[in-house]
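The values are calculated or read from the model by the stated rules, or taken from the named source; none is laboratory data. Here the structure is a predicted model, which means the values were calculated and not measured. Every residue, glycine among them, receives a Cβ derived from its backbone with ideal geometry; neighbour counts consider all protein chains shown. The area values use the complete protein model at the heavy-atom level, side chains included, leaving out ligands, DNA and RNA. Shrake-Rupley method; radii C 1.70, N 1.55, O 1.52, S 1.80 Å.
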Amino acid sequence: MKKSKWRWGFIDAIVVVYALVPVLWIVSLSFKTPATLNDGSFIPRAWTLDNYRGIFQTDQFIRALGNSIGIALISTAIAVALGMLAAYAIARLSFPGKNLLVGFSLMIAMFPQVSLVSPLFEIERALGLFDTWWGLILPYITFSLPLAIQTLSAFFQQIPWDLEKAAKMDGATQAQAFRRVIVPLAAPGVVTSAILVFIFCWNDFLFAISLTSTERSRTVPVALSFFTGDSQFEDPTGSISAAAVVITIPIILFVLFFQRRIVSGLTSGAVKG
Amino acid sequence: MTRTASGTRRKQLSAEKRAERRLGWLLCAPAALVMLGVTGWPIVYAIWLSLQRFDLKFPDQQEFVGLANYATVLTNSYWWTAFGVTVLITVISVAIELVLGMALALVMHRTLVGRGLVRTSALIPYGIVTVVAAFSWRYAWTPGTGYLAGLFGESAPLTERASSLAIIILAEIWKTTPFMALLLMAGLVLVPEDLLKAASMDGANSWQRFTRVMLPVMKPAILVALLFRTLDAFRIFDNIYILTAGANETSSVSILAYNNLIKGLNLGIGSTMSVLIFLSVAIIAFIFIRLFGTVAPGRRDK
């Protein structure tokens, strides 16, 4: 027994190292001084916070961060709200066209997004949506809806809806039954799908680089690819690394606090074929 | 007496049914409309654009040219190079991910110690912004700067084709193996523990238990994971953009379409590539479903 514990411990360690090394490397780069930046050492020989101070003094990064946060939050709120309505219908009601909707949303999940870049570029220019928040929010909602609908309907199917009836029998009004009984039961599923959708929007690069052209709506991943340093002689590696670490923090927090939910959300209803 | 009662009940039922239907449609309508509006209409528009000569640098020369753009793209060596690169990256990365993902799924599912720790760490590559991970790999392989750069002598790996492709595949595998593992784990939990015990009583060793008991039960999960990841890998963009920007013939079809559109401002050719990529993905999905009989996931109500 003891021996197998050691063996598992060793295997676990490999997984942890595999997952963390690239992250730790970018963290290490972000703390290096300009002089030690190119020494190739995995651990900084001299530490500095200058890279972080630097990016938070530039408009370029702060505006991109604001855009990233705003766009991801609005997209998540709308996608989860629309997803809840549809998932409730899929989980609880029977109506013709249900399978069609499920199949259609699955198709969207596999859709090659680059195929939409050229028509959306032209349509958004005509509608005045190009290089605006909404120009990104719309495709983000669309491509995260399949994820939201799938995880939410899987969660909704597990809710014991009879409890609502029972609460009403005990004298609760419809609104009370919903608020006191159903909402607490549904909340974990909603939080899970919100996290998954947020990660998706936070992550996007293709739409963000194709459908924006200025700091007005550029998100951080795109701003990173345009970072050049304060002057043309300056190596942007330190700034890019610091900015990269900043946008990784929310992901790490989600993973630390919601690991169980993310795992169950991603595995739920993935296969019941 | 009884007849009228059952008659009204039937009528009530159908009224109730109709109300349920209407509510169902009403609740699904917003989601369906957004998805249709942002994908359906643009893809039709892309087909229309692909039949035009339409270069934003010369907007007055727009005209209907039929399938000429398709002929241009399909006889172009850049397109076929990019297509080959995309297929190569897809096949190699998905094959390795399947093996690694299966191992990771087994570890996450069966480990005796630190299960939470393993699952938490495995989620980091899944969650991290692809561009961030790509920068990490780029700097790791940059001569002088990176801890990996000296691994194969004094060369600059990201300036040569073969080594660039290898690094792109490495970055892709690192990022998406955990996702593959999670999809496989969904199949792993369906394997009945009793069945494994029975097999081991009958003298099956662990390899036999894996191939004869677990794999058959997991087959649907494996096929779904493969389908998802294949289609996802085929649209690879972020990693290549950051790692090589398509230099030294490492462009994927997505990079090529993006370059024609945003850098070349050629909407006609860009759209043609968009449509061709869409068709390729549709064909891959069709082959998967026909060949392996993959049941569409999410349709659990059969």
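Any idea how many residues of the stretch A:98-137 are open to solvent by 20 Å² or more (accessible area, probe 1.4 Å), more than 9 Å from every other protein chain (Cβ to nearest Cβ), closer than 26 Å to B:LEU276 by Cβ and not hydrophobic (A, V, I, L, M, F, W, C)? Qualifying residue count, the stretch A:98-137: 1.
Can we say B:LEU279 is part of a helix (DSSP H, G or I) and open to solvent by less than 20 Å² (accessible area, probe 1.4 Å)? It is false that B:LEU279 is part of a helix (DSSP H, G or I) and open to solvent by less than 20 Å² (accessible area, probe 1.4 Å). Candidates are the residues of the stretch B:149-172 that are of a type in the set (Gly, Ala, Ser) and modelled with pLDDT under 85; the one that is nearest to B:ASN248 (Cα to Cα) is B:ALA156.
Select from the stretch B:15-39 the residues that are closer than 30 Å to B:THR272 by Cα and surrounded by 13 or more Cβ atoms within 10 Å (Cβ to Cβ) and list them in ascending order.
If the condition is that a residue be closer than 30 Å to B:THR272 by Cα and surrounded by 13 or more Cβ atoms within 10 Å (Cβ to Cβ), then B:ALA31, B:ALA32, B:VAL34, B:MET35, B:LEU36, B:VAL38, B:THR39 are the ones that fit.
Per the listing B:VAL107, B:VAL118, B:VAL113, the residue uniquely touching a Phe, Trp or Tyr at 6+ places or on another chain (Cβ under 7 Å) and facing another protein chain (nearest Cβ under 9 Å) is B:VAL113. Is it the case that some residue within the stretch B:82-93 is surrounded by 13 or more Cβ atoms within 10 Å (Cβ to Cβ), small (Gly, Ala, Ser), closer than 20 Å to B:MET273 by Cβ and in contact (Cβ under 8 Å) with a residue 24 or more places away in the chain? Yes; the residues of the stretch B:82-93 include at least one that is surrounded by 13 or more Cβ atoms within 10 Å (Cβ to Cβ), small (Gly, Ala, Ser), closer than 20 Å to B:MET273 by Cβ and in contact (Cβ under 8 Å) with a residue 24 or more places away in the chain. Please go through the stretch B:242-254 and give me each residue that is within 11 Å of another protein chain (Cβ to nearest Cβ) and surrounded by fewer than 23 Cβ atoms within 10 Å (Cβ to Cβ), ordered by number. Across the stretch B:242-254, the qualifying residue is only B:ALA245. Residues in the stretch B:127-137 that are closer than 18 Å to A:LEU206 by Cβ and in contact (Cβ under 8 Å) with a residue 24 or more places away in the chain: B:ILE128, B:THR130, B:VAL131, B:ALA133, B:ALA134, B:PHE135. One residue alone among B:ALA68, B:ALA19, B:ALA15, B:ALA29 is modelled with pLDDT of 90 or more and farther than 22 Å from A:PRO112 by Cα, and that residue is B:ALA29.
Could you tell me whether A:ASP204 is acidic (Asp, Glu), buried (at least 21 other Cβ atoms within 10 Å of the Cβ) and either on the phi < 0 side of the Ramachandran plot or modelled with pLDDT of 85 or more (or both)? Yes; evaluated as a whole, the condition is true for this residue. Restricting A:ALA186, A:ALA223, A:ALA166, A:ALA154 to residues that are out of contact with any helix residue (DSSP H, G or I) (no Cβ under 6 Å at 6 or more places or on another chain) and over 27 Å from A:ILE262 (Cα atoms) narrows the list to A:ALA166. Looking across the stretch B:139-155, the residues that are within 7 Å of chain A (Cβ to nearest Cβ) and either part of a loop (DSSP other than H, G, I, E, B) or on the phi > 0 side of the Ramachandran plot (or both) come down to B:GLY144, B:THR145, B:GLY146, B:TYR147.
Summed over the stretch B:94-127, residues that are crowded, with 21+ Cβ neighbours inside 10 Å and either touching a Ser or Thr at 6+ places or on another chain (Cβ under 6 Å) or of a type in the set (A, V, I, L, M) (or both) total 11.
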